[in-house]
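Below is one structure, written out as structure tokens, with a few remarks after it.
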Amino acid sequence: MEFELEAVLSFSGEIDEINDDISKVISDANEDILKRGIPNDVESGGASVVEHTTDGKDLHIKISSDRYVRAHDAVVRLRKKLSQDMGKKHHVGVRGINIERYQISFELEDEPKTQIKVPYVDNLNIIGKTCSISVTSLTEEQLQRNFVDRIINRIKEKVHHQYYGGKEEKWELVWESEKKDIVWKEDPTKVMEEKGWIKKGPTKGKWFYRSQAAKILKTMEDIAVSEILEPLGFEEIIESMMVPFDVWIDTGHMEGIPNEAYYISEPRTRDPDEWEEIVDEIKISREVPIKKLDKMTTPPKAGICYAQCPVIYWSLKNCTISDSSLPVLLYDKTSPSARYESGGRHGIERVDEFHRIEPVYIGTKEQLIDLKNDLIERYKHVFEDILELEWRMANVTPFYLQQAGEEEKDGKTELGTVDFEAYLPYRGTRENSEWLEFQNLSLFKKYTDSFNIKSQTRELYSGCTGIGLERWTAAFLAQKGIDPKFWPEGFVKRVGDLPKGIEIL
Ligand code: ATP
Ligand code: ZN
Ligand code: MG
């Protein structure tokens, strides 16, 4: 990796007269502060000021460096040192840094297949596996905020993605249930719609659950709470369903799923007078004047809950948790989740608004590995003894972690994600059809780090397990049908009689 930076440091006063003192600081820096950070076993390297001239209040410098001390870090170190020393002796300091040219070259893992474009880069040139970029328009503040490293990482990631992006997530069978008796091969969504248990809409990818379907979903929720969460000591919280972007930046969702999020705008003002024109139009035309509405609302700075865990982590951001409270076991079942599924929408199982319980756990690695096993035992009890499903578990790496290059490698499979999948007979044979992921369970290091959640003494891990009520219901009904006569006893006992519903003529 090579860095070549030409910059102008502007001082608060004339510096031609003190040229000698400045040269001395620079030659000392070349030996000392611009070399700090080079590993012991490396002979030479770091950064060097290779040219410098003064001109009125300006100092022009050229820095060459390698990866041990990147040139933009070197210039910041030099600025500080010059301000300190020249301030003491001559009462002048550096007021600003202006980048005139910044050229960086580095090696890529592979030759890109197609052209790569990245913002903040003025010029990007790739010959073979060597990439040269010019990032001259970056400001001093952007350099200090580490833009350069992230630009380089993004280029590498994009090339990597050209080779490995299309790959499916890793999938490894862990356990599978016995085959179960299948009572029908219908798509339960279609049949429930025909019977009036559910109604499509009012907007795309949403359902209105009439009382019969609502009772089934709510029974699934009760089963999850009473058979899994309460016995394991989880405590319920209630969170906001509007998630500000900075929370999603911390979890990685903002870069992972911006194409699936639903965004929220706010009114620019609550003053009714300013809304008068829009109200007039609505009253007269019985339509919403969308262009005018657009002018009266803000661009989004938040989205609707995509998964409940980010806000739970946010609630503990920068907190130190007492050892006696570990593991922290929380769940939310109030906030619905919204995802723009577009062409993927299907039935009640892939919708734009769904209802999940999301348990989140934070604790030491040992505590969470024990908890993972306990959770799996409780899940097995529910899926085997109550719902009597045909299902399986697989170790997978979720797409957003793969994409962020953050696949957690643990040697073993304790960290990472387990998907729970159910056979849907209406989709075809067990062997050739796609099974439905009806929930998952994950363990990470990532979120306690990004939200800076600490304990008194131990390193903390965290995880979550998304219990999708629509998916539990879709899996159950696809295998057992919608006639309670064929439902397993454990479920019948809990659901009781289905409501009569409304007879619509
Ligand atoms: P998929 O691969 O099916 O899109 P996902 O990986 O996006 O799932 P996660 O983000 O892991 O799903 O969410 C966890 C759980 O949330 C899923 O196991 C499922 O129960 C539920 N879920 C996710 N997306 C939907 C959806 N569009 N409709 C209904 N439930 C969903
Ligand atoms: Zn989660
Ligand atoms: Mg998805």
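The values are calculated or read from the model by the stated rules, or taken from the named source; none is laboratory data. All values derive from a computational prediction rather than experimental measurement. Cβ sites come from the backbone with ideal geometry, for glycine too, and all protein chains shown count toward neighbours.
Some observations on this one:
- Only one entry of K158, K190, K204 meets the criterion of being touching a residue at least 12 places away in the same chain (Cβ under 8 Å) and assigned to a loop (DSSP other than H, G, I, E, B), and that entry is K204.
- Residues that are in contact (Cβ under 8 Å) with a residue 60 or more places away in the chain and assigned to a helix (DSSP H, G or I) do not occur anywhere in region 3-17.
- The residue that is nearest to ligand 3 (Cβ to nearest atom), among those in region 242-286 that are part of a loop (DSSP other than H, G, I, E, B) and basic (K, R), is R268.
- Residue count for region 349-365 under the criterion of being within 15 Å of ligand 3 (Cβ to nearest atom) and aliphatic (A, V, I, L, M): the result is 1.
- Scanning region 36-54 for residues that are of a type outside the set (G, A, S) and crowded, with 18+ Cβ neighbours inside 10 Å returns V49, T54.
- Subset of region 355-395 (residues that are surrounded by fewer than 22 Cβ atoms within 10 Å (Cβ to Cβ), of a type in the set (A, V, I, L, M, F, W, C) and under 22 Å from the mean Cα position of the chain (by Cα)): A394
- Enumeration of residues in region 230-263 that are within 16 Å of ligand 2 (Cβ to nearest atom), farther than 30 Å from D370 by Cβ and over 14 Å from the mean Cα position of the chain (by Cα): S240, M241
- Of all residues in region 303-343 being more than 16 Å from ligand 3 (Cβ to nearest atom), within 16 Å of T465 (Cβ to Cβ) and part of a loop (DSSP other than H, G, I, E, B), the one that is farthest from the chain's Cα centre (by Cα): P327
- Any chance E358 is assigned to a strand (DSSP E or B) and either within 12 Å of ligand 1 (Cβ to nearest atom) or within 30 Å of T448 (Cα to Cα) (or both): yes
- Among (1) over 22 Å from the mean Cα position of the chain (by Cα); (2) in a loop (DSSP other than H, G, I, E, B) - the single one A474 does not satisfy: (2)
- Search result, residues across region 305-345 that are in contact (Cβ under 8 Å) with a residue 12 or more places away in the chain, within 13 Å of ligand 1 (Cβ to nearest atom) and surrounded by fewer than 19 Cβ atoms within 10 Å (Cβ to Cβ): P336, Y340, E341, R345
- All positions within region 105-136 that are part of a loop (DSSP other than H, G, I, E, B), under 22 Å from A7 (Cα atoms) and touching a Phe, Trp or Tyr at 6+ places or on another chain (Cβ under 7 Å): Y120, V135, T136
- Going through (1) exposed (fewer than 13 other Cβ atoms within 10 Å of the Cβ); (2) among the charged types (D, E, K, R); (3) under 20 Å from V121 (Cβ atoms) one by one, D73 falls short only on (1).
- Taken over region 157-202, the criterion of being touching an Asp or Glu at 6+ places or on another chain (Cβ under 7 Å), at pLDDT below 95 and crowded, with 16+ Cβ neighbours inside 10 Å is satisfied by V159, H160, K180.
- Per-region count, region 468-479, residues within 16 Å of ligand 2 (Cβ to nearest atom) and within 13 Å of D419 (Cβ to Cβ): 2
- Selection of region 419-435 for residues being hydrophobic (A, V, I, L, M, F, W, C) and surrounded by fewer than 22 Cβ atoms within 10 Å (Cβ to Cβ) yields only W435.
- The residues of region 19-50 that are in contact with an Asp or Glu (Cβ under 8 Å, 6 or more places away or on another chain) and part of a loop (DSSP other than H, G, I, E, B), listed by number, are G45, G46.
- Cβ-Cβ under 8 Å pairs, at least 6 apart or on other chains, region 114-135 side closer than 12 Å to I155 by Cβ, far side among the charged types (D, E, K, R) and surrounded by 15 or more Cβ atoms within 10 Å (Cβ to Cβ): I116/K158; V118/R154; V118/K158
- If you filter region 386-404 down to residues that are at pLDDT 95 or above and assigned to a loop (DSSP other than H, G, I, E, B), you find that the one that is farthest from K179 (Cα to Cα) is L387.
- Evaluation of Y313 against (1) at pLDDT 95 or above; (2) more than 14 Å from ligand 2 (Cβ to nearest atom) (one fails), failing number: (2)
- Test result for R458, under 17 Å from I228 (Cβ atoms), out of contact with any helix residue (DSSP H, G or I) (no Cβ under 7 Å at 6 or more places or on another chain) and of a type in the set (D, E, K, R): no
- Test: residue in region 478-496 that is at pLDDT 95 or above, within 15 Å of ligand 1 (Cβ to nearest atom) and either under 23 Å from E377 (Cα atoms) or in contact with a strand residue (DSSP E or B) (Cβ under 9 Å, 6 or more places away or on another chain) (or both): yes
- Q212 being under 30 Å from V76 (Cβ atoms), of a type in the set (S, T, N, Q) and in a helix (DSSP H, G or I): no
- Verdict on K446 being of a type in the set (K, R), within 16 Å of ligand 1 (Cβ to nearest atom) and closer than 23 Å to D370 by Cβ: yes
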